[in-house]
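The values are calculated or read from the model by the stated rules, or taken from the named source; none is laboratory data. Just so it is clear, the structure is predicted and the values come from calculations on it, not from any experiment. As a convention, Cβ positions derive from the backbone with ideal geometry for all residues, glycine included, and neighbour counts pool all protein chains shown. To get the accessible areas, we keep the full protein, side chains included, count just its heavy atoms, and leave off ligands, DNA and RNA. Shrake-Rupley method; radii C 1.70, N 1.55, O 1.52, S 1.80 Å.
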Amino acid sequence: MSYIKPINHHPRLEKNKLGLTRRDYEGAISTLCAGCGHDSISACIIEACFQLNIEAYKVAKLSGIGCSSKAPAYFLNQSHGFNSVHGRMPSVATGANCANGDLLYLGISGDGDSASIGIGQFIHAIRRQINMVYFVENNGTYGLTKGQFSATNDLESKNKYGEDNLFKPIDLASMAIQLGASYVARSFSGDRDQLIPLIKGAIQHKGFALLDIISPCVTFNNHDSSTKSYDYIRNHNEAVGKTDFVPLGEEITTSYKSGSSVEVNLHDGSKIALEKVNSKFDPTNPGNSLNYIREKSEEGKLLTGLLYFDESSEDLHETLNLTKTPLNQLKQDELCPGEKALEIINESLS
Amino acid sequence: MLEPKSFQSIESVNDFVIKFANVNGTGSASANQMFAKAIFRMGIPVSPKNIFPSNIQGLPTWFEVRVSEKGYLGQRGGVDIAVAMNPQSYSKDIDEISEGGYLLYDSTWKRNFNRSDINIIEIPLTQLCVDSFKNPKQRALFKNIAYVGALSALMEIEYEVLEKIISEQFANKPSLIEPNIKALNLGRDYVLDNLDYPIGIKLSRRNLLENKILISGNEAAGLGAVYGGATFCSWYPITPSTSLAEGYEKYAKKYRVDEKSGKNLYASVQAEDELAAVGMAIGANWNGARAFTATSGPGISLMSEFLGLAYFAEIPLVIFNVQRGGPSTGMPTRTQQSDVLACAYASHGDTKHVLLFPADPKDCFDFSAKAFDLADQLQTPVFVVSDLDMGMNDWVCEKFDWDDSISYNRGKVLDYEDLEKLESYGRYLDSDNDGICYRTYPGTHPEKGAYFTRGTSHDEYARYTEDGNINAETLMRLMRKFRTASELVPEPLIEINGEDSCGIIFYGSSKPAVLEAKDILRTKNINVDLMQIRSFPFNLDVWEFIASHDRIYVVEQNRDSQMRTLIMAEGGISAEVLRPLVHFTGDPIEAAYIVNKISEREVNYKSHKNIKER
Ligand SMILES: Cc1ncc(C[n+]2csc(CCOP(=O)(O)OP(=O)(O)O)c2C)c(N)n1
Ligand code: SF4
Ligand SMILES: [Mg+2]
C-alpha cells in the first residue's frame with residue numbers, strides 16, 4: 001500500500017477537453033511499497049493521458065508479472081487490463097494489437113520481465129514494430145521475488161546482502177535502437193518534467209515506442225551501492241535535452257526556441273521538440289544515438305531523454321496489409337466463404 | 001529362354017499395397033501423389049501414406065499406397081508391388097515384397113536381387129530420361145513421372161486420367177505440361193514396346209467415390225478455420241502441424257482479401273516460438289478476434305503455462321495439436337496419439353481442457369470450424385487433437401458441407417447496449433448458473449464493462465483476492481463449466497452389434513483400422529460393439545456404453561493407454577473393464593494387429609467363461 005502517493009501539482013478538478021478530471025484516469029489504490037518508483041510512473045501515465053484527452057476505454061493496458069506488472073491496475077480504471085504471465089506480455093500485446101488496431105496499447109513490464117525471462121518476446125515485438133508504448137519500469141532488481149539481481153544491474157553493483165553482481169548489464173534502450181524500435185527514450189521515475197512529455201510523445205508515435213524508465217525499488221535496491229538507487233540516479237543522470245510535447249491544435253512554433261532545438265515530427269502530425277544539450281546530437285540517426293549512450297555510459301553517466309526517433313517506420317498492421325476495420329469487428333459474411341465456395345473447393349479436391 | 005516361374009504371382013483387382021522407395025528431396029512426392037489421385041479418380045478407394053525421415057535431402061523416403069475396393073483404408077502391412085528407386089534401401093525394400101509380388105526398379109544399373117519368388121520388372125528409367133531431356137534437373141525429376149507412366153501400362157491406370165491430372169496441376173505453368181506428358185509417355189511406351197503387360201495386379205474403374213474428396217487433415221483443418229471465422233493465426237514451424245497453418249493461409253489468401261481495398265481480412269504471424277504463438281492467439285482472442293495456433297507435442301509442452309492462464313482467466317482459444325511420436329523430440333515424422341493426457345490436463349494446478357478428436361479430414365474441417373464456436377461459448381481453450389497420419393496424408397473422406405443459414409455462436413459477450421442496461425458488471429459472475437460468465441471486449445463502452453484479466457486468484461469482479469474460499473468457488477465454477485462443456489461437445493459414435501459383444505473404444509486415426517478389424521473379427525465369430533470417442537469431457541453416452549460392457553478394448557496409438565487412463569480417472573472406471581490395446585511404433589496401427597490382440601484375448605475370455613459356467 002502506498003501511504004505516500006506521488007504528489008500531483010495540478011488542481012485536482014481541472015478538466016480536459018473531454019470534460020474529465022485527473023481522477024477519471026486513476027486506477028485502484030496501489031499495493032506497491034510506499035515510495036516505489038513504479039507508482040510515480042503510474043502517476044505520470046495518468047497525467048499524460050489526461051493531458052492528451054485520451055479516452056480510457058480505448059486503451060488496453062497489458063503487463064507481465066512483477067511489481068511493475070501490477071501497475072496497470074493502478075491507473076486508467078476504465079481501460080481493459082491484462083496481467084499475463086512472466087515475460088510474455090509482448091506476445092499477448094501483439095495478438096491483441098492485430099485484432100484491433102484502433103486501441104492504444106500500453107505495455108508495462110519490469111527489467112526481470114523484459115531483460116530476462118521475456119527478452120525474446122521483447123526483441124520480437126520490436127522487430128515486428130507493434131504499435132504500442134512499452135514501459136520498462138527498470139529497478140535493476142527482481143522486486144516481487146525480493147531482491148535478486150536482474151540483467152540490467154551494473155557490473156559493480158551489490159545486492160541487499162552486499163554480494164557483487166558478476167555480469168555486465170543489458171542496456172535495453174541501446175538494444176531497442178539496434179533492433180529498429182522507432183521511438184526510444186530513457187527517463188527516471190522521479191523526473192515528472194521529463195517523463196510526462198516523453199510518455200506523451202510515445203503515445204502519439206506510431207510504431208514501437210520504448211520507455212526505459214529507471215524506477216528505484218525502495219525496498220530492495222535503494223542502497224548506496226546500487227546504481228539504480230534514487231541518489232545514484234540523481235547524481236549521474238545526464239539529460240539529453242528538455243522534451244516538451246506540443247499537443248495537436250496548438251501553435252507548434254512558439255513553444256521552443258529556434259536554433260537550439262531539433263524538431264521531430266510525430267506520425268499523427270504533432271511534433272516533439274528536443275532541446276539539445278549537445279548540439280551535435282541528432283536523435284534520428286541510430287549510430288549517433290548508440291555512440292552517445294555509450295560515451296556517457298563510459299563516463300559513468302546515464303543518458304536520458306529521447307534517444308532515438310524514426311518517423312518513417314511502418315507498423316505491423318501495414319506490414320501485414322491488414323484491413324482498416326479491426327479484425328474483431330468483421331462480420332460472418334465477410335469471414336465465411338460460404339456454401340457455394342465450398343462446392344468449388346470440393347470439386348477441386350475430387 | 002525364360003525359366004518357368006517357381007511361384008504363384010499375386011493376382012488381384014483393386015486390392016493391393018504398392019510401396020514407392022525414393023530418396024528424400026528428389027521430387028518423387030508429386031509423382032506419387034499423381035499416382036494415388038488417378039486411382040481416386042477411377043473411383044477406387046485409395047489411401048496414400050508418406051513415410052518420410054526427419055531430413056531434407058538424401059535419406060530414404062517411402063510412399064505407400066493401399067488400394068481397397070472394399071474401402072478398407074487403414075495401414076494394411078505387406079507390400080505387393082515395390083517401386084524401388086533408392087539403391088540405399090534396396091535390401092530392405094526388396095525383402096518386404098510378399099511372395100509372388102512385383103519389383104520395379106531402375107535397370108539403368110542392372111542388379112541381381114536375391115529373390116527368386118517375385119516378379120522383377122526392369123525399366124532403364126534414368127537412361128530413358130537422359131536420352132530424352134537435356135536439363136539435368138529435368139532428367140532427375142522426370143524419372144518419377146516416367147515410372148508413373150510405366151505403371152499406367154502395367155496396372156491399367158486410365159491414361160486420360162493421368163493426362164488430365166497433369167494439365168490441372170500445371171494449369172498456371174502451361175509450359176510444363178508438355179514435358180510432363182512426354183515423361184509419362186516415356187515410361188508407358190517403354191512398357192508397351194518391351195514388356196509383358198498388364199501384370200497380375202490391376203486397377204479397374206468402379207466409381208465408388210461419388211461424394212468423396214481426397215485431402216489431408218491439416219489442409220482440411222486450415223480450411224475449417226477460415227470457415228469458422230478465424231481471423232488470426234500464430235504458429236511456429238513444427239512437423240507435422242506446419243501444413244495446417246499453411247493450409248489456413250492458402251485459403252485465407254483466396255477468400256479473405258477484400259476485393260475493393262486489397263487488404264487482408266486475416267493475419268497470420270509466424271511467431272518466434274510456441275510461447276509467443278500461443279500468447280499472441282490468447283491476446284487476439286481476449287480482444288474478440290477468433291484466433292488459433294497450430295502445433296505438435298513439443299509445442300504443447302512450451303505452451304503449457306499460457307494454457308493455464310487461458311483456462312483460469314477464461315479466454316477462448318483454439319489449439320491444433322497434430323500429434324507426432326514422443327517423448328521429447330521423439331520421432332518427428334512418425335505418428336502417435338501420445339499427447340492425450342498432456343492436452344487434457346495441460347498446465348500446472350487444477351486444469352482441464354476441452355478436446356476434440358477428429359478421425360478423418362472431414363472431421364478436421366468440421367471440428368476446426370466448431371472449435372471456434374465452442375471456445376467462444378465456453379470461454380476456454382479448445383484443442384483439436386489430430387495426428388501426423390491424418391494430418392499430413394491425403395485421406396478419402398466425405399465432401400465438406402456448410403450451412404449458410406447457421407450463424408457463428410460468439411458466446412456470452414456484452415455489447416454497448418447490453419452494458420447500458422446493466423447496473424453493475426462482474427466479469428466472473430455466473431448469472432446463468434452454467435459456469436459461463438459474460439465477457440466484454442476492450443473499447444466497448446466508456447464507463448462500463450472494463451475489467452482486469454489476470455492469472456492470479458480473482459473474485460467475481462475480476463479483482464485480485466487471496467481469499468481461499470473465493471478461489472475455491474472459482475475452481476468449482478470452472479468444474480460447472482466443464483460439465484456444461486460435456487453437453488456441447490460432439491457425442492461419441494456408438495455401434496452395437498449384438499449380445500455378449502466385447503466393446504472397442506477408439507478415437508482419431510485408428511478408425512479405419514478398427515472398422516476393418518470389426519469385419520474380420522466377425523468372420524471369426526467375435527462380435528464387437530464400437531464407441532468412437534470424439535471429445536473430452538465425456539458425456540453420458542460414454543459412461544453408458546462402458547457400463548453396458550464387461551470388457552472393453554481401448555485401442556490407441558501410445559504406450560501408456562492414455563485415453564484409458566483419462567476415462568478411468570474421470571469416471572472412476574475399474575481397470576479390469578478397460579483393457580489396453582496399444583500400438584506405438586510410429587507407423588499407423590493395422591487392422592490385423594487389432595484382430596490378433598483381440599482374438600487372442602477373447603479366446604482366453606471365452607474359455608475362462610466356459611469353465612466358470614460349467
Ligand atoms: C514462470 C515464472 N517464473 C518465475 C516467476 C516468479 N517471479 C515473479 S515476478 C519475478 C521478477 C520480477 O522482476 P521484474 O520484472 O523486474 O519486476 P519488479 O518486481 O522488479 O518490478 C519473478 C522471477 C513467475 N511468476 N513466473
Ligand atoms: S519491492 Fe520494490 S519494486 Fe516492489 S513494490 Fe516494493 S519498492 Fe516497488
Ligand atoms: Mg525489476
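Worth a mention:
- Restricted to the stretch B:228-241, and to residues there that are crowded, with 24+ Cβ neighbours inside 10 Å and facing chain A (nearest Cβ under 7 Å), the residue that is farthest from A:THR323 (Cα to Cα) is B:SER234.
- Just so you know, in the stretch B:543-576 the residues that are farther than 28 Å from B:ASP389 by Cα and either of a type in the set (Ser, Thr, Tyr) or in contact with a strand residue (DSSP E or B) (Cβ under 6 Å, 6 or more places away or on another chain) (or both) include one that is modelled with the lowest pLDDT, and it is B:SER574.
- Conditions (1) modelled with pLDDT of 95 or more; (2) within 30 Å of B:LEU388 (Cα to Cα); (3) open to solvent by 40 Å² or more (accessible area, probe 1.4 Å); number of the one not met by B:ALA220: (3)
- Sole exception among (1) farther than 30 Å from B:PHE7 by Cα; (2) open to solvent by 20 Å² or more (accessible area, probe 1.4 Å); (3) in contact (Cβ under 8 Å) with a residue 12 or more places away in the chain; (4) not in a helix (DSSP H, G or I) for B:ALA140, by number: (4)
- On inspection, A:THR141 does not qualify as within 16 Å of ligand 1 (Cβ to nearest atom), more than 11 Å from chain B (Cβ to nearest Cβ) and free of Cβ contacts under 8 Å to residues at least 60 places away in the same chain.
- Enumeration of residues in the stretch B:334-367 that are in a loop (DSSP other than H, G, I, E, B), in contact (Cβ under 8 Å) with a residue 40 or more places away in the chain and open to solvent by 10 Å² or more (accessible area, probe 1.4 Å): B:ARG334, B:GLN336, B:SER338, B:ASP339, B:SER347, B:HIS348, B:GLY349, B:ASP350, B:THR351, B:LYS352, B:ASP360
- Restricting attention to the stretch A:75-85, the residues being within 16 Å of ligand 3 (Cβ to nearest atom) and either in contact with a Cys (Cβ under 6 Å, 6 or more places away or on another chain) or open to solvent by 20 Å² or more (accessible area, probe 1.4 Å) (or both) number 0.
- Figure legend. Inter-residue proximity from the stretch B:271-298: first residues at the interface with chain A (Cβ under 7 Å from one of its Cβ atoms) and of a type in the set (S, T, N, Q), second residues surrounded by fewer than 24 Cβ atoms within 10 Å (Cβ to Cβ) and not in a helix (DSSP H, G or I), beta-carbon distance below 6 Å, spacing 6+ or different chains. Indicated pairs: B:ASN287/A:ASN100.
- One residue stands out in the stretch B:143-170 among those that are among the polar types (S, T, N, Q) and buried (at least 20 other Cβ atoms within 10 Å of the Cβ): the one that is farthest from B:MET85 (Cα to Cα), namely B:SER152.
- Residue in the stretch B:419-434 that is of a type outside the set (Ser, Thr, Tyr), open to solvent by 10 Å² or more (accessible area, probe 1.4 Å), within 11 Å of chain A (Cβ to nearest Cβ) and in a loop (DSSP other than H, G, I, E, B) present: no
- Subset of the stretch B:309-332 (residues that are open to solvent by less than 10 Å² (accessible area, probe 1.4 Å) and not aliphatic (A, V, I, L, M)): B:GLU314, B:PRO316, B:PHE320, B:ASN321, B:GLN323, B:GLY325
- The single condition among (1) surrounded by 15 or more Cβ atoms within 10 Å (Cβ to Cβ); (2) over 25 Å from B:VAL396 (Cα atoms) that B:GLN57 does not meet is (1).
- Restricting the first member to the stretch B:231-253 and to residues that are in the same structural domain as B:GLY326 (by TED's automatic domain parsing), and the second to residues that are open to solvent by 30 Å² or more (accessible area, probe 1.4 Å), the beta-carbon pairs closer than 6 Å and six or more apart or on different chains are B:TYR236/B:ASP273; B:PRO240/B:MET392; B:GLY247/B:GLU219.
- Some residue of the stretch A:314-321 being touching a residue at least 60 places away in the same chain (Cβ under 8 Å), surrounded by 15 or more Cβ atoms within 10 Å (Cβ to Cβ) and not in a helix (DSSP H, G or I): yes
- Residue in the stretch A:152-161 that is surrounded by 24 or more Cβ atoms within 10 Å (Cβ to Cβ), away from chain B (no Cβ under 14 Å) and more than 9 Å from ligand 1 (Cβ to nearest atom) present: yes
- Cβ-Cβ distances below 9 Å connect the following pairs, each with a first residue in the stretch A:327-350 that is within 7 Å of chain B (Cβ to nearest Cβ) and farther than 19 Å from B:LYS370 by Cβ, a second residue that is open to solvent by 20 Å² or more (accessible area, probe 1.4 Å) and part of a helix (DSSP H, G or I), and a separation of six or more residues or different chains: A:LEU349/B:GLU219; A:SER350/B:ARG41.
- Residues that are in contact with a helix residue (DSSP H, G or I) (Cβ under 9 Å, 6 or more places away or on another chain), within 28 Å of A:GLU334 (Cα to Cα), away from chain A (no Cβ under 14 Å) and open to solvent by less than 30 Å² (accessible area, probe 1.4 Å) are absent from the stretch B:395-404.
- Residue check, B:SER68 hydroxyl-bearing (Ser, Thr, Tyr) and open to solvent by less than 10 Å² (accessible area, probe 1.4 Å): yes
- Of all residues making up the stretch B:175-203, the number that are surrounded by fewer than 18 Cβ atoms within 10 Å (Cβ to Cβ) and either charged (D, E, K, R) or outside the structural domain of B:SER107 (by TED's automatic domain parsing) (or both): 6
- Check on A:GLY35, among the small types (Gly, Ala, Ser), outside any loop (DSSP other than H, G, I, E, B) and either within 16 Å of ligand 3 (Cβ to nearest atom) or buried (at least 24 other Cβ atoms within 10 Å of the Cβ) (or both): no
- Looking across the stretch B:215-237, just one residue is within 20 Å of B:GLY508 (Cα to Cα), aliphatic (A, V, I, L, M) and not in a helix (DSSP H, G or I), and that is B:ILE215.
- All of A:ASN97, A:ASN165, A:ASN139 fail the test of being within 13 Å of ligand 2 (Cβ to nearest atom) and either at pLDDT below 95 or open to solvent by less than 40 Å² (accessible area, probe 1.4 Å) (or both), apart from A:ASN139.
- Some residue of the stretch A:102-110 being open to solvent by 10 Å² or more (accessible area, probe 1.4 Å), assigned to a strand (DSSP E or B) and without any contact (Cβ under 8 Å) to a residue 40 or more places away in the chain: no
- Restricting the stretch A:55-67 to residues that are in contact with a Cys (Cβ under 8 Å, 6 or more places away or on another chain) and at the interface with chain B (Cβ under 9 Å from one of its Cβ atoms), the residue that is nearest to A:ALA125 (Cα to Cα) is A:VAL59.
- Among the residues of the stretch A:68-101, those identified as in a helix (DSSP H, G or I) and at the interface with chain B (Cβ under 7 Å from one of its Cβ atoms) are A:ALA73, A:SER91, A:VAL92, A:ALA93, A:THR94, A:GLY95, A:ALA96, A:CYS98, A:ALA99.
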